[in-house]
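Please read the structure below before turning to the comments.
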Amino acid sequence: MQALRTNVQSLRGTIEVPGDKSISHRAVMLGAIARGTTTIAHFLTGEDCLSTIDCFRKMGVDIAQNGTDVVVKGNGIAGLLEPQEILNVGNSGTTTRLLLGILAGCSFHACLIGDESIAKRPMKRVTEPLRMMGARIDGRDGGNYTPISIRGGSLQPIHYTSPVASAQVKSAILLAGLMADGTTTVTEPIKSRDHTERMVRLFGGEVITNGLSVSVTGKQQLRGADIYVPGDISSAAFFLVAGAIVPNSEIVLKNVGLNPTRTGIIDVLQQMGADLTIENIRNEETEPLGDITIRTSKLKAVEIGGALIPRLIDEIPIIALLATQAEGTTVIKDASELKVKETNRIDTVVSELRKLGAEIEATEDGMRIHGKTALKAKEAIVDSYGDHRIGMMLAIAACITEGTVSLKHSEAIAVSYPTFFEHLQVLC
Ligand code: S3P
């Protein structure tokens with residue numbers, strides 16, 4: 001249990017958040033199936049991305065990691081070897097789902113296992129389309145939950161219409177599609193993050209995007225590439241919100257990824273009236289990034305739903321906290337995907353923020369938050385339930401809470417932001 005800082009008077013300074021989790025995973029994966037050397041700078045050394053490295057090493061890929069610098073020596077997809085051990089995906093949904101996409105094209109057997117949280121997350125959304133392509137998959141509940149075993153091989157292309165707006169589903173099918181005979185297309189209900197598409201192009205592959213459909217043709221040869229991973233906007237989000245709600249604050253976040261499929265949090269902050277500026281935008285062709293400054297702001301409630309949801313799905317816990325400090329009722333809807341994240345984030349956000357006095361209620365597909373509420377606690381004990389984003393949201397909530405707050409399972413934060421508490425300390 002960790003005592004959290006409460007009643008923080010001001011947050012000031014400049015930080016650079018760690019590399020983007022989604023991009024770090026993909027850089028290792030594409031590096032492993034490409035031919036030649038891939039160098040990755042500003043790689044996220046969070047536990048999730050280390051799980052990805054570990055799985056590919058177990059398939060014989062030469063991966064050297066020195067802090068945030070990673071070098072992957074790929075021998076093409078045919079260079080992957082049958083793992084001698086079970087592949088452990090840890091807490092990482094992205095590792096599980098994207099890896100299944102790659103394994104679908106490999107003619108060997110592999111078995112995937114993860115932690116308690118992974119064992120509850122639905123995998124049918126990828127195992128079903130991968131089976132349609134020809135992969136043989138088994139697992140608990142007919143292949144819906146880990147442990148999952150897979151034997152891939154020669155794949156046929158499909159046109160898959162996904163019922164969910166999920167980049168993990170889209171990416172798993174596109175990665176399998178890279179190994180199929182012909183053109184594979186995925187159509188999504190709403191556009192999700194497009195890091196896989198951008199990165200396949202960077203590795204010399206062709207991906208065609210047409211509205212909500214994305215296509216790849218199989219048997220393309222990818223070549224190793226040099227990648228700089230921008231800061232993770234999903235990690236920056238905690239300090240963007242902290243800067244807006246802690247009094248007397250001004251925080252500069254350097255080199256934050258600004259891919260438009262991820263910037264819903266910035267749209268929400270601006271709609272709420274936050275004092276935010278973005279400068280030095282660059283790399284718009286590959287993965288855009290820039291520097292963001294946020295200052296203490298007077299905020300008003302907003303309604304969040306529809307096409308905005310996939311652009312901020314991971315930021316909803318911290319947006320819920322933001323909304324407690326906005327004047328009026330904020331409604332978050334169309335977000336039932338929150339129920340199948342590392343925890344059921346509708347339940348965990350509502351139960352833990354209530355312990356600090358927030359006026360928040362769960363709805364079928366989101367939540368309603370009434371503001372503005374002064375947060376107060378008398379020796380409150382809050383719990384991340386092993387969910388990194390819930391843990392960080394609660395640490396920021398404590399900053400504006402009067403009283404004392406302790407966090408259970410704070411170690412989960414290392415999944416995506418191992419230096420989170422150091423950065424908070426620097427800004428205090
Ligand atoms: C991710 C996609 C999102 C997101 C997750 C990372 C990715 O999940 O929540 O943290 O890297 O593709 P879904 O695809 O399940 O929406």
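The values are calculated or read from the model by the stated rules, or taken from the named source; none is laboratory data. All of these numbers come straight from a predicted model, not from anything done at the bench. All Cβ positions, even for glycine, are placed from backbone atoms using ideal geometry, and neighbour counts span all protein chains on display. Please note that ligands, DNA and RNA were not included when accessible areas were found on the heavy atoms of the full protein model with its side chains. Shrake-Rupley method; radii C 1.70, N 1.55, O 1.52, S 1.80 Å.
Within segment 268-288, identify whether any single residue is open to solvent by less than 30 Å² (accessible area, probe 1.4 Å) and under 16 Å from Gly19 (Cα atoms), and answer yes or no. There is at least one residue in segment 268-288 that is open to solvent by less than 30 Å² (accessible area, probe 1.4 Å) and under 16 Å from Gly19 (Cα atoms).
If you go through segment 233-256 and keep only what is farther than 10 Å from Thr296 by Cβ, open to solvent by 10 Å² or more (accessible area, probe 1.4 Å) and touching a helix residue (DSSP H, G or I) at 6+ places or on another chain (Cβ under 7 Å), you end up with nothing.
Please pick out the residue among Ala335, Ala237, Ala244 that is in contact (Cβ under 8 Å) with a residue 12 or more places away in the chain, more than 16 Å from the chain's Cα centre (by Cα) and assigned by TED's automatic domain parsing to the domain that holds Lys372. After applying the criteria, what remains is Ala244.
Might you let me know whether segment 299-309 holds any residue that is assigned by TED's automatic domain parsing to the domain that holds Asp383, of a type in the set (Lys, Arg) and part of a helix (DSSP H, G or I)? Before you say what the answer is, go through the steps one by one.
Step one: list which residues in segment 299-309 are assigned by TED's automatic domain parsing to the domain that holds Asp383, which gives 299-309.
Filter once more, so that each one left must be of a type in the set (Lys, Arg): 300.
Narrowing the set further to residues that are part of a helix (DSSP H, G or I) leaves none.
No, segment 299-309 contains no residue that is assigned by TED's automatic domain parsing to the domain that holds Asp383, of a type in the set (Lys, Arg) and part of a helix (DSSP H, G or I).
When the residues of segment 48-95 are filtered to those that are more than 16 Å from the ligand (Cβ to nearest atom) and among the acidic types (Asp, Glu), the one that is farthest from Thr38 (Cα to Cα) is Glu85.
Could we say that Gly46 is touching a Gly at 6+ places or on another chain (Cβ under 8 Å) and crowded, with 23+ Cβ neighbours inside 10 Å here? No; evaluated as a whole, the condition is false for this residue. Here segment 326-348 is the region considered, the condition is being buried (at least 22 other Cβ atoms within 10 Å of the Cβ) and polar (S, T, N, Q), and the residue that is farthest from the ligand (Cβ to nearest atom) is Thr330.
Which one of Gly13, Gly19 is within 16 Å of the ligand (Cβ to nearest atom), in contact with a Leu (Cβ under 7 Å, 6 or more places away or on another chain) and closer than 27 Å to Lys254 by Cβ?
Numbers: Gly13 fails: within 16 Å of the ligand (Cβ to nearest atom).
Exactly one of Gly13, Gly19 is within 16 Å of the ligand (Cβ to nearest atom), in contact with a Leu (Cβ under 7 Å, 6 or more places away or on another chain) and closer than 27 Å to Lys254 by Cβ, namely Gly19.
You will find that of Val426, Val415, the residue that is closer than 25 Å to Ile294 by Cβ, of a type in the set (Val, Ile, Thr) and surrounded by 24 or more Cβ atoms within 10 Å (Cβ to Cβ) is Val415 and no other. Criterion applied to Leu202, Leu178 was being away from the ligand (no atom under 14 Å from the Cβ), open to solvent by 20 Å² or more (accessible area, probe 1.4 Å) and within 25 Å of the chain's Cα centre (by Cα), and the one residue passing it is Leu202.
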